[in-house]
Amino acid sequence: MKKIIFFVPVNNAEEVKNVLFDAGAGKIGDYDRCCFETQGQGQFRPLANANPHIGTQGEVERLKELKIELVCDDRYIKQSVKALLEAHPYEEVAFEVYDMLDWKTL
């Protein structure tokens, strides 16, 4: 089991989450479409060669983003990460993938 964590503008969160859910992420036992969201403020500055979805080259942009965390079975991790990268509005996606401990084997 893996955990996927990513940051996304609030306005794009539902679309990106749905793509990940459809790819197989976010299932825990007999529940699906599971995730946890934390709201915060993101910051970045597009450089000269950037093609930003939001913001202007050379200027610092600040906006409300969600940090979204969801689990993903190992069988679906590659297709889920691919789906995240294709659906996310940013040119460069900030995301993390972690191995999770299987508590049943302790």
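The values are calculated or read from the model by the stated rules, or taken from the named source; none is laboratory data. Because the structure is predicted, anything quoted here is derived from the model rather than measured. Every residue, glycine among them, receives a Cβ derived from its backbone with ideal geometry; neighbour counts consider all protein chains shown.
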The stretch 76-94 residues that are closer than 9 Å to V16 by Cα and part of a loop (DSSP other than H, G, I, E, B), paired with ones that are at pLDDT 95 or above and hydrophobic (A, V, I, L, M, F, W, C) (beta carbon under 9 Å, 6 or more apart): H88/F6; H88/V8; H88/V16; H88/V19; H88/F95; P89/V8; P89/V16
Test result for Y98, assigned to a loop (DSSP other than H, G, I, E, B) and surrounded by 10 or more Cβ atoms within 10 Å (Cβ to Cβ): no
Which of the residues spanning the stretch 14-35 are loosely packed, with under 14 Cβ neighbours inside 10 Å and assigned to a helix (DSSP H, G or I)? E14, E15
Checking W103 against (1) without any contact (Cβ under 8 Å) to a residue 60 or more places away in the chain; (2) hydrophobic (A, V, I, L, M, F, W, C); (3) closer than 20 Å to V19 by Cβ, which single condition isn't satisfied? (3)
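It is to be established whether one or more residues within the stretch 58-70 are out of contact with any strand residue (DSSP E or B) (no Cβ under 8 Å at 6 or more places or on another chain) and over 23 Å from P9 (Cβ atoms).
Keep residues of the stretch 58-70 that are out of contact with any strand residue (DSSP E or B) (no Cβ under 8 Å at 6 or more places or on another chain), which gives 58-59.
Next, from what is left, pick out any that are over 23 Å from P9 (Cβ atoms): none.
No, the stretch 58-70 contains no residue that is out of contact with any strand residue (DSSP E or B) (no Cβ under 8 Å at 6 or more places or on another chain) and over 23 Å from P9 (Cβ atoms).
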